[in-house]
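One structure below.
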Amino acid sequence: MVAIIVVFVGYVVFGVTGFGASPLTVPLLAHVLPLTFVLSLAAILDLASGLALGIHTRRQANRGELLVLIPFTLLGLVLGVTLLVNLPRAVALRALGAFVCAYAVYATVRRDTRQRLVRMWAVPAGIAGGVLGALFGVGGPPYVMYLTGRITDPARRATISQMVILNVGFRVVAFTLAGLLFGRDLWTSVALLLPVAWAGVWVGNKLQAKLPSTMLARIVAAALGVTGVSLIVRTL
C-alpha cells in the first residue's frame, strides 16, 4: 500500500514537471525495500512512462547534443552500476541520503542560466548523469544544467526529455547485464505499479495548467530534504 501511494504521488509530479519521478520515489521506497530492487523498479517504471510522454518530442530534440552526451553517459553508467553492486547497503543508503539532500538544495535554488557553455562540458555532464542515474535513479540534473547552457526552448525541453529517456533506457540495459532485473518479485511489482504510475502521469498532466511547476518543485524539494536526512540518520 505504501508503494502504491508513493508511486502515484511521484508520477503525478512527473506528469506536472516532466522531470521524472525517481527523485521522490527512490528515497521513499528505499526505506522499506532494498535499494537495488528500488532502483531496478524505478528504471522500468520511468522508461515506460517516459516513452509515453516523450515520443511526441523526439523531432524537436537537438540530435547533435544527444550524440555528444551518449558515450559519456554510457561510461558513467558502467561506473555507477559497478559501485551499486559492490557498495555495502548502509554506505549506499547514506550516499543516497546525502545526494537527496544536495538535490533538494539544488531544486530550491536552481535558476536558468543565460551563459552559453562550451561543448567540452558534455564530458562531466554525461559521466555525472550516468553515475547518478545508476546509483540513485536521478540522472537528469547534469543534463539540465548542461543543455540549459547550450540550447533554447523548445529544443531544450525536448532534448532534456529525450536524454533522460535515453539515460533510463541505458540504465535498464546495464541493470539487465548486471543481473538485477531477473527477479520474479520485481516483475510482479512492475505489473502492479505500472498502471498506478500511468494514472499518476495522467493526473499530473491534468494538473499541469492549474498548478505552477515551480511551486510544486519547492514542495517536493522540502519533502526530499526530510527524506534525505532520515535516510542518513537511519544508517548511523
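The values are calculated or read from the model by the stated rules, or taken from the named source; none is laboratory data. Everything numeric here is computed off the predicted structure, so don't read it as measured data. Virtual Cβ from ideal backbone geometry, glycine too; neighbours counted across all protein chains shown. Heads up: the accessible areas ignore ligands, DNA and RNA and are worked out on the full protein's heavy atoms, side chains in. Shrake-Rupley method; radii C 1.70, N 1.55, O 1.52, S 1.80 Å.
A few points about this structure:
- Of all the residues in segment 159-176, those that are open to solvent by 10 Å² or more (accessible area, probe 1.4 Å) and more than 12 Å from Leu74 (Cβ to Cβ) number 7.
- 3 or more residues modelled with pLDDT of 85 or more, open to solvent by less than 40 Å² (accessible area, probe 1.4 Å) and closer than 25 Å to Val226 by Cα: qualifying helices (runs of 4 or more DSSP H) within segment 63-145: 122-136
- Filtered residues of segment 14-31 (kept if modelled with pLDDT of 80 or more, in a helix (DSSP H, G or I) and among the hydrophobic types (A, V, I, L, M, F, W, C)): Leu24, Val26, Leu28, Leu29
- Residue list for segment 120-147, restricted to those being over 12 Å from the mean Cα position of the chain (by Cα) and farther than 20 Å from Ser161 by Cβ: Met120, Val123, Pro124, Ile127
- Condition check for Leu193: at pLDDT below 90 and of a type outside the set (Phe, Trp, Tyr): no
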